[in-house]
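Participant: Input: one structure, supplied below.
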Amino acid sequence: MRAGAPLRAGGEGRGAGGLRASLAGLTTRGRSFLAAGVAAALCAYVLGQGELLRVGLLLAVLPLVCVLALHRTRHRVSGSRRLTPVRVPAGSEARVRLRMENVSRLPAGLLMLQDRVPYVLGPRPRFVLDRVEPGGRREVSYRVRSDLRGRYPLGPLQLRLTDPFGLVELTRSFSTYDTLTVIPRTEVLAPVRLTGETSGYGDGSRRSLALAGDDDVIPRGYRRGDDLRRVHWRSTARYGELMVRREEQPQRSKATVLLDTRGVAYEGTGPDSAFEWAVSGAASALVHLLEQGFSVRLLTDTGTSAPGDGGGFSSGGQESAEAAGLMMDTLAVVGHSDGVGLSRAYDAVRGGGAGGGGYAGAGGDGLLIAFFGDLDDVQAELAAGMRARCGGAVAFVLDSALWAGRPSQVEARVRRLRDAGWTALAAPPGVAFGELWRQAGNAPLGTGTSGGWG
């Protein structure tokens with residue numbers, strides 16, 4: 001929620017500058033009244049008609065009186081905006097609630113509200129609030145929706161003040177705004193068994209922290225109810241208090257989702273383009289892997305990863321949820337890169353370069369899921385080389401020629417990846433990612449791949 005500062009109807013001050021700004025707020029009706037009054041007064045002076053002169057003066061003075069009254073009147077109105085939710089998938093709606101409060105001791109007249117929103121979110125919402133009593137509150141709401149992912153500012157909120165005759169209209173703006181993040185659409189994926197999982201990961205799988213003897217045991221203080229058979233006497237003697245062997249901890253599997261964002265690797269734009277399909281597929285894979293308990297990172301062809309801490313991999317619990325939000329925010333605004341090759345991503349996956357961490361410390365049991373655009377011979381070799389340090393690798397190849405209906409070499413690229421041990425599939429236009437995901441789960445493993453998809 002963001003609160004706006006109180007507004008004064010007459011501008012920044014009562015000086016000549018503020019009065020000129022108020023005069024500029026004359027509506028068409030007010031200018032017409034003023035022009036008619038001046039014309040009537042001139043005609044009355046020339047013709048010597050006293051009655052017409054009084055009518056002209058009335059018409060000319062009335063707009064000026066309204067300007068002066070609105071200029072001197074203080075409207076102290078506080079506004080706030082609440083956006084729920086702040087992160088929505090493309091094609092979904094978010095609700096915006098506007099709350100106005102009259103914090104002055106005088107009633108506020110007719111108020112017209114207009115919130116500034118980008119055109120992709122729909123028309124600008126406008127509301128009319130009748131007389132607001134001192135201390136009174138009014139709340140209105142509207143919905144926004146976008147089929148295009150991105151980050152969109154909402155606001156600032158504009159407040160229009162008018163006189164009872166509609167002769168003057170002044171516009172003031174609050175200074176605060178909110179940001180709506182439209183993330184890619186995601187699909188619910190089937191729970192297939194992923195290669196690269198930690199051996200025995202699941203309900204009955206626990207990996208001990210101490211495998212080499214008593215010296216490797218990590219003890220903790222005794223808690224009421226602990227089994228006395230787990231007391232570690234050497235640590236008890238060392239620390240002077242009862243210590244027990246630490247319980248075995250689950251080992252979280254690691255997974256990397258690689259998104260090829262090279263501008264030269266894709267053709268076309270818009271929600272139905274190959275690049276948007278790849279972004280949506282990457283988002284779906286990330287969400288699914290996090291739900292399955294993986295420690296996940298998002299990697300692009302530039303070698304940068306999200307989240308940026310811990311070697312790029314998310315942690316568990318609340319940190320995992322925050323990492324998921326960071327990765328989805330990254331996908332919401334990701335665009336084409338200027339790169340022409342996959343060398344930086346290759347270095348990051350192999351354990352060097354900008355990605356940091358890589359699989360060097362993962363014991364070779366990490367899972368790699370990649371979304372590739374066009375692959376020439378050189379880039380296909382680089383992509384094939386990424387497989388060596390991964391426990392499992394799955395690739396979805398989006399060839400521009402295939403999406404444009406032209407003769408394509410995507411099958412040759414897919415065979416090259418399969419020969420290197422990838423589970424690789426071509427992604428034709430119009431196919432649902434969930435269907436390809438199931439096909440990958442049932443696909444025969446490439447040469448050199450350990451484990452399997454069930």
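Participant: Could you list, in sequence order, the residues of region 52-91 that are of a type in the set (Ser, Thr, Tyr) and either touching a residue at least 60 places away in the same chain (Cβ under 8 Å) or in a helix (DSSP H, G or I) (or both)?
Facilitator: 73, 78, 80
Participant: Give, as residue ranges, the strands (runs of 3 or more DSSP E) completely inside region 235-324 that count at least 3 residues that are out of contact with any Ser or Thr (no Cβ under 9 Å at 6 or more places or on another chain) and either surrounded by 21 or more Cβ atoms within 10 Å (Cβ to Cβ) or at pLDDT 80 or above (or both).
Facilitator: The strands (runs of 3 or more DSSP E) meeting that bar number zero.
Quick grid of which residues meet (1) at pLDDT below 90; (2) among the small types (Gly, Ala, Ser); (3) under 18 Å from residue 304 (Cβ atoms):
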| residue | (1), (2), (3) |
| --- | --- |
| 330 | no, no, yes |
| 334 | no, no, yes |
| 358 | yes, yes, yes |
| 382 | no, no, yes |
| 391 | yes, yes, no |
| 396 | no, no, no |
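Participant: Considering only residues that are open to solvent by 40 Å² or more (accessible area, probe 1.4 Å) and not basic (Lys, Arg), which ones fall in region 402-414?
Facilitator: Hits for region 402-414 are 402, 403, 404, 405, 407, 408, 409, 411, 412.
Participant: Would it be correct to say that residue 136 is modelled with pLDDT of 85 or more, more than 29 Å from the chain's Cα centre (by Cα) and surrounded by 13 or more Cβ atoms within 10 Å (Cβ to Cβ)?
Facilitator: In short, yes.
Participant: Could you please find all residues in region 96-114 being open to solvent by 60 Å² or more (accessible area, probe 1.4 Å) and farther than 23 Å from residue 169 by Cα?
Facilitator: 97
Participant: Here are 388, 383, 424: which of them is in a helix (DSSP H, G or I) and open to solvent by less than 40 Å² (accessible area, probe 1.4 Å)?
Facilitator: 383
Participant: Follow-up question, since we're still on this one. Could you grab me the full set of residues in region 185-234 that are open to solvent by less than 60 Å² (accessible area, probe 1.4 Å), of a type in the set (A, V, I, L, M, F, W, C), in a loop (DSSP other than H, G, I, E, B) and modelled with pLDDT of 50 or more?
Facilitator: Within region 185-234, 189, 190, 192, 194, 217 qualify.
Participant: Is it true that some residue in region 392-401 is farther than 29 Å from residue 270 by Cβ, open to solvent by less than 10 Å² (accessible area, probe 1.4 Å) and not aliphatic (A, V, I, L, M)?
Facilitator: yes
Participant: Moving to a separate point now. Looking only at region 163-176, which residues are assigned to a loop (DSSP other than H, G, I, E, B) and buried (at least 19 other Cβ atoms within 10 Å of the Cβ)?
Facilitator: 163, 167, 174
The values are calculated or read from the model by the stated rules, or taken from the named source; none is laboratory data. If you're wondering where the values come from, they're calculated on a predicted model, not measured in any experiment. Here Cβ is always computed from backbone atoms with ideal geometry, including for glycine, and neighbour counts include all displayed protein chains. Side chains included, ligands, DNA and RNA excluded: accessible areas come from the protein's heavy atoms. Shrake-Rupley method; radii C 1.70, N 1.55, O 1.52, S 1.80 Å.
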